[in-house]
Amino acid sequence: MKNDTEINKEWDVFISHAFEDKDSIVRQLVDILEKLRVKIWYDDFSLKVGDSLSKSIDDGLLKSRFGIIIITKNFLSKKWTDYEYRSLLSKEENGTKVILPIWHNITKNEVKNFSLYLADKIALDTSKMSINKLALTLTETIRPDIYRSIKGYFLFKKLFENAKEGKVDFGELKPQKEPQSKLSKHLEVRARNIYFGIGQVLDSTIDETIFNYELDLKPDREIQTWEIMNLCYLELIDKHQINDFHEKKAIATLLIGFSLGQLFETDKLSDDKQLELYKLWEKYYYDY
């Protein structure tokens, strides 16, 4: 959980970099992190000759929880002192290191020529990982909540891809024909509320929907799950003003999959919206 200091900070992370490196790595990294919903501050941290590195970092940490430093030949050519490097990389807040160094197009020996201290610090290296992997690794530290959502989403996807098809003899399936009990007025109101949301894109009438709940041994639990699905459905279509029926149906289908621990494939919804939908499901899902 974030403490009060972290909550008051406007940005998740700032990126300190040499002005010359903005186009070679910074913009691309920022673009990926922003797509992952990480809040980034970087325009004010393009450093030029004569700028104070330590002052720039201190300013960044006033409004950001973490700082990324892109260490390149251009960055090191600014000729900051070893004292500034030491001061920079030793910064902590609440016992946590807050400066995350990245080496880009530079070797350890080249870094040593500028600062032995800097060369001895653990850093991410763009020569050893893709820019996408780099962004995910940073997100794991900066926003572990987002990272867990992404990890869960791709775990679902992997499970789906590895699933084996099987045949089911539907003649062996014996559906329940008699209701377990009649829904209470309270549960019926909740069921009708769901029907006039997500239920509008499903293939059941209101009477069929209520009857199906009554077949369940624990209709309150089933209705609870559908209420969460309904909330995710309505929130996503409201945010993006989605009116297309097929896109709405794809959202409902994905949510049914999430509730079953499965990921259904669809080409009706962009990958970004699918990931956003999964994050909503993870945010609102709760169990008894």
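Read-outs throughout are calculated quantities, based only on the coordinates presented, and are distinct from any laboratory measurement. The structure displayed is predicted, hence computed values, not measured ones. For neighbour counting, all protein chains shown are included, and Cβ atoms are generated from backbone atoms with ideal geometry for every residue, glycine included.
Report the gain in length on full extension from Lys97 to Leu260: 0.36 nm times residue separation, minus Cα-Cα distance, nm rounded to one decimal.
Extra length available between Lys97 and Leu260 comes to 54.7 nm.
Would you list Val38, Val201 from fewest to most Cβ contacts within 10 Å?
The fewest-first ordering by Cβ neighbours comes to Val201, Val38.
Rounded to the nearest 0.05, what FRET efficiency do Asp31 and Tyr117 give with R0 = 30 Å and r taken as the Cβ-Cβ distance? Could you check?
Given R0 = 30 Å and the Cβ-Cβ separation, E is 0.45.
Calculated FRET efficiency, Tyr286 and Ile131, Cβ-Cβ r, R0 25 Å, to nearest 0.05?
For R0 = 25 Å, the calculated efficiency reads 0.10.
Can you put His186, His104, His240 in order of Cβ neighbours within 10 angstrom, beginning with the fewest?
In increasing order of surrounding Cβ atoms, one gets His186, His240, His104.
Of the listed pairs Lys39/Lys63; Lys78/Lys128; Lys73/Lys121; Lys35/Lys273; Lys63/Lys133, which have alpha-carbon separations greater than 19 Å here?
As for pairs spanning more than 19 Å Cα to Cα, those are Lys78/Lys128; Lys63/Lys133.
Working out 0.36 nm times the residue gap between Asn243 and Lys63, then minus their Cα-Cα distance, what length gain in nm do you get to one decimal?
60.9 nm
Take Ile210, Ile15 and order them by how many other Cβ atoms sit within 10 Å, fewest up front.
The order, fewest Cβ neighbours first, is Ile210, Ile15.
How far apart, in nm, are the 7 Å Cα→Cβ label points at Asp203 and Glu110?
Taking the simple label geometry, Asp203 and Glu110 are separated by 6.0 nm.
Using the per-residue mean of other Cβ atoms lying within 10 Å as a proxy for protection, in what order, highest first, do the peptides 269-279, 68-78 fall?
So the peptides 269-279, 68-78, ranked by packing, come out 68-78, 269-279.
Once amide H atoms are placed 1.01 Å from N in the peptide plane, what residues at a sequence separation of 5 or more from Trp103, or on another chain, have their amide H within under 5 Å of its amide H?
Sorted by chain and number, the residues that satisfy this are Ile71, Leu124, Asp125, Thr126.
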